[in-house]
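Asks: Before I ask anything, let me first share the structure, which is written out below as structure tokens.
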Amino acid sequence: MFSRRKTGSPSDAPHIEVWGHLVETNVFLRRTSIVCIAFGFCGLALAAYGVDIALHRPLAFHVSDEGQASFVGRLRDAVAPTDAEVRFVAKDFVKHYMALSSLTIESDLSDAWNLMTESLRAEHERMLADFAKERGEDFVSNLRKQGIQTVLLFDDKRTEILTQGGKQLTVHLHGSARVWPLNRVGEDAAYEERTFDAHLLLVRCARTELTPNGLLVAQISRRFTVPDAKELSPLASPKEK
């Protein structure tokens with residue numbers, strides 16, 4: 001709407017005021033500002049949710065029928081390990097820790113190390129240092145000279161699992177260990193066999209990509225028994241307790 005205002009003084013120049021257009025422009029700007037602020041708050045909320053998911057949301061893992069867990073995404077980590085997971089971790093650790101093989105000793109010790117708690121790692125390091133001090137050579141070199149391969153056979157029916165307070169689990173494994181010379185692996189008449197008992201204390205931990213089963217080994221003790229009571233050449237190992 002246009003309006004012309006005249007003054008009583010002839011020296012005053014006439015001017016035009018556009019009121020309607022200014023009012024419409026102000027309304028549009030106010031509405032646009034409100035929409036922008038709303039979108040800004042929505043963006044902040046989504047960003048905060050994303051940070052929460054990235055930092056605090058647990059991880060999700062797939063557990064196979066054999067108990068092996070693998071990382072699949074982010075969901076929950078408070079779920080207690082299943083019986084299959086406990087059996088898998090205990091057997092997997094014992095395979096790496098007790099099945100001494102000259103060709104794979106370094107990788108076996110590394111895999112066993114990844115399943116240990118800090119206290120068991122420290123104890124393991126002390127035993128390796130004591131072995132090197134007594135024998136004059138490190139354990140890995142000594143085992144490589146022996147040229148052997150060990151295979152563990154587990155008696156699953158005799159496996160025992162006991163839960164202690166929800167955070168710790170005791171696992172008792174039984175089975176036999178067959179030791180072959182590397183140049184005669186697989187020959188029925190070439191291996192030496194003895195039974196073993198292994199007691200493990202497992203503790204629960206957060207499920208991560210490094211510990212997908214949410215379990216670590218805190219203690220281990222083992223015993224070998226020769227079934228026919230004949231003397232076998234002892235395997236030099238710092239793991240005996």
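Just so you know, all these numbers are worked out from the coordinates, no wet-lab data involved. Since the model is a prediction, treat every value here as computed from it, not as a measurement. Backbone-built Cβ (ideal geometry, glycine too); neighbour counts: all protein chains shown.
Asks: From the phi of every residue in segment 179-192, what ³J(HN,Hα) in whole Hz does the Karplus formula 6.51 cos²θ - 1.76 cosθ + 1.60 yield, where θ is phi - 60° and glycine or proline is x?
Replies: 10, 10, x, 4, 7, 9, 4, x, 6, 4, 8, 9, 8, 9
Asks: Across the Cα atoms of segment 174-221, what radius of gyration and what greatest pairwise Cα-Cα distance (Dmax) are found, in Å?
Replies: 16.8, 46
Asks: Shifting gears a bit: Can you figure out the FRET efficiency of H172 with T104, using R₀ = 30 Å and their beta-carbon distance, to the nearest 0.05?
Replies: The value I calculate is 0.70.
Asks: Still on this model: Between E123 and E187, with labels modelled 7 Å along Cα→Cβ, what's the label distance in nm to one decimal, could you check?
Replies: My value for the distance between the label points is 3.9 nm.
Asks: Follow-up. What is the packing order of peptides 122-128, 199-205, 217-223, 32-38, taking the mean over residues of other C-beta atoms within 10 Å and listing the highest first?
Replies: Ranking, from highest mean packing down: 199-205, 217-223, 122-128, 32-38.
Asks: Which whole-Hz ³J(HN,Hα) couplings does segment 85-93 yield from phi under the Karplus relation 6.51 cos²θ - 1.76 cosθ + 1.60, θ = phi - 60°, glycine and proline marked x?
Replies: Listing the rounded values in order: 5, 4, 4, 5, 5, 4, 5, 5, 5 Hz.
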